[in-house]
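Notes follow once the structure below has been shown.
Please treat every number below as a calculation from the coordinates, not as lab data. All of these numbers come straight from a predicted model, not from anything done at the bench. Reconstructed Cβ throughout: ideal geometry from the backbone, glycine too, with neighbour counts over all protein chains shown.
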């Protein structure tokens with residue numbers, strides 16, 4: 001097991017990554033929180049609960065109250081949140097109750113948001129069950145839901161008491177989900193960790209084949225990268241923005257395709273392709289670096305083809321949360337292992353990058 | 001104009017109380033925020049906007065985007081919040097946009113909540129237009145909405161950049177609303193400010209007759225009391241709980257009567273009667289103090305009669321947010337100008353206090 005400390009001005013907590021965490025969860029929570037809260041709620045999905053509910057439950061002296069979220073982005077809404085908050089109220093949740101978010105990124109985002117706003121904030125624990133949630137969304141305290149107008153437009157910063165990333169649960173993950181999640185690790189390497197890029201280049205077969213040692217290495221490095229950035233910039237005022245590499249175009253792709261055909265990691269993978277194109281055009285990476293990083297992305301793919309018009313994708317970037325006061329912000333890699341934010345991106349540049357990405361996608 | 005500083009570990013801002021603030025709002029925001037944000041949104045009610053919209057708007061170089069909340073507790077919901085958040089998204093609100101909550105307590109609570117969760121938090125300003133909102137709900141950063149299961153069960157702590165309490169707008173306030181709001185000032189005196197109790201006893205006619213000097217005095221003293229408590233305990237871990245004097249039974253009364261027949265301040269007035277009864281029984285106030293404080297409450301009444309069964313009120317106290325881990329917390333006055341929290345209140349004591357209150361209400 002590896003332990004990664006997240007430490008911001010407002011909170012301090014640990015992310016634990018390893019095997020066998022699920023079966024001993026209650027004791028681990030007790031040691032983190034001082035005592036096991038009297039009332040424990042678990043937000044999960046029916047499929048995760050069917051596979052892993054028994055493992056999670058076994059260490060609790062009293063069975064937690066289980067709340068279910070329907071799968072898919074279309075249920076990541078204020079309407080779902082209200083239904084769940086009402087279930088919590090009816091089951092007697094109070095300010096001392098604990099909420100465990102046990103599932104993928106959507107369960108984590110919604111669970112964190114419920115914990116953030118129920119009685120103006122109750123403690124919560126993240127137990128992410130997808131690769132993507134383990135390396136990315138469970139760390140950093142971002143929680144929220146979608147509006148019809150855009151993804152994650154509503155939410156809170158609410159940090160968990162701890163994150164338990166159990167590598168064992170990845171055993172039942174679909175291959176496509178694992179590959180999509182690995183895009184966030186590719187991103188972690190590109191923006192902040194050359195040695196992770198090298199490791200992922202050299203050990204692609206082990207990682208994709210779910211070798212536990214290789215997976216733990218990639219997961220821990222990705223979490224460490226993210227924790228390091230969050231530690232320096234909890235509220236996304238500056239540095240944290242580099243975590244959005246590939247996300248401006250990625251979110252736009254998800255929005256333009258109705259959050260249906262693409263997994264988040266796949267959209268980010270394509271978004272990174274667009275970012276690499278812009279970075280090469282602007283000269284913040286060389287042609288050789290462009291080729292090397294793009295082949296890394298496709299090696300952990302294959303990314304699905306894209307069926308969407310360029311104009312629709314470009315239009316969808318307008319609602320990006322990083323835009324402030326009309327200024328369009330965009331993250332570009334700088335060499336390998338570094339990244340920066342540009343604010344002077346022209347519409348023409350963005351269009352050319354989206355055009356390149358869509359043309360490249362025709363070959364997939 | 002009086003300026004009261006609110007200063008917690010997380011934020012620092014000022015509450016301005018006086019006349020003529022509305023007509024100069026844009027310049028005042030500019031001086032607080034450094035510059036006037038490019039996009040300004042105003043959440044208000046149709047009736048307040050009809051009366052005072054022109055005054056607020058006149059100082060802004062570009063007309064703010066106006067969002068309307070339907071009046072009444074029944075619209076203080078996540079459903080309303082979602083509708084308004086979507087309007088903001090469609091109108092292009094971004095992280096640098098400013099939201100002004102311009103209305104009574106419900107507008108302030110909902111507006112603060114929108115600002116807390118839109119893109120995980122945008123700046124906001126409170127411009128409270130009722131006495132109650134000026135002395136109480138606009139200060140302290142509590143924001144939120146109701147669930148069917150109880151009032152304010154969902155929300156955030158989100159502090160405004162500033163609060164502008166313009167005494168001029170109280171001119172169009174209904175007499176019943178003013179009286180209900182004054183219950184929070186009575187509360188402020190009872191729990192923390194003997195001299196305010198004395199002033200309200202000695203100047204009841206001027207205050208109820210809306211003498212501007214007397215009103216400013218009561219408003220500023222009430223805000224100063226609340227700010228002092230919030231400064232010491234932003235998150236309601238300890239001291240801040242005394243602000244809930246009269247609120248456990250008050251909220252239960254509102255819930256048991258379906259948030260229809262009682263104004264919040266009226267419910268708190270009756271709740272304070274129940275608290276005084278318990279305090280006298282427990283000996284934390286004398287009989288003379290009991291008589292004196294109860295007559296102060298009724299002097300700023302008259303409180304409306306109560307049409308509700310005792311059992312229903314007692315049952316409704318079970319969902320109080322102050323209860324943690326099954327422990328029932330209750331605020332009792334200690335003499336005049338002090339208060340404390342008890343955790344060992346028995347069901348029988350609570351029933352007797354509710355019984356006394358309902359019997360006393362028969363005489364109103």
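Listing for the model above:
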| quantity | calculated |
| --- | --- |
| Calculated label separations, residue B:12, copies of the chain, 7 Å along the beta-carbon direction, nm | 2.5 |
| Unit Cα scatterers, Debye sum, the range B:228-336: log10 I(q)/I(0) for q = 0.21, 0.24 Å⁻¹ | -1.23, -1.37 |
| Segment residue A:2-residue A:309, length gained on full extension (0.36 nm per residue, minus Cα span) | 106.1 nm |
| Interatomic Cα distance distribution for chain B, bins of 20 angstrom, percent | 31, 59, 10, 0 |
| Teacher prompt: residue B:347 distances to equivalent labels in other copies, 7 Å Cα→Cβ, nm | 6.8 |
| Cα-based convex hull, the range A:15-89, per residue volume (Å³, whole number) | 121 |
| Average beta-carbon neighbours from other chains, 10 Å sphere, peptide B:67-80 | 1 |
| Computed FRET value (nearest 0.05) for residue B:363 with residue B:149, which takes r as the C-beta separation and R₀ as 56 Å | 0.95 |
| Theoretical gain in end-to-end length, residue B:19 to residue B:60 [0.36 nm per residue, Cα-Cα removed] | 12.9 nm |
| Cβ-vector label at 7 Å, residue A:79, separations to other copies in nm | 1.2 |
| Nearest-ten-degree value, helix B:264-282 long axis tilted from longest Cα axis of chain B | 30 |
| Label-point gap, in nm, between residue A:351 and residue B:235 - each point 7 angstrom along Cα→Cβ | 5.0 |
| Taking the range A:244-364 and dividing mean pair separation by its residue count, relative contact order in percent (alpha carbons under 8 Å, at least six apart) | 33 |
| Isotropically averaged projected area of the range A:175-363, using the convex hull of Cα atoms (one quarter of hull area), nm² | 10.0 |
| Rg over Rh, two decimals, the range B:48-179 (C-alpha only, Kirkwood Rh) | 0.94 |
| FRET efficiency, residue B:198 to residue A:91 (Cβ-Cβ, R0 51 Å, nearest 0.05) | 0.60 |
| Cα-only radius of gyration and Dmax that characterise the range B:9-55, units Å | 12.8, 39 |
| DSSP beta bridge pairing in chain B, given as percent antiparallel to the nearest 5 | 45 |
| Computed FRET value (nearest 0.05) for residue B:38 with residue B:70, which takes r as the C-beta separation and R₀ as 22 Å | 0.20 |
| Range of Cα positions in the protein assembly as shown per principal axis (Å), largest first | 85, 62, 35 |
| Rounded Å value of the spacing that divides the Cα centres of the range A:97-137 and the range A:246-286 | 26 |
| Structure-based [θ]222 nm, chain A - -39500 (n - 2.57) summed over DSSP H runs of at least 4, per residue, nearest 500 | -14000 deg cm²/dmol |
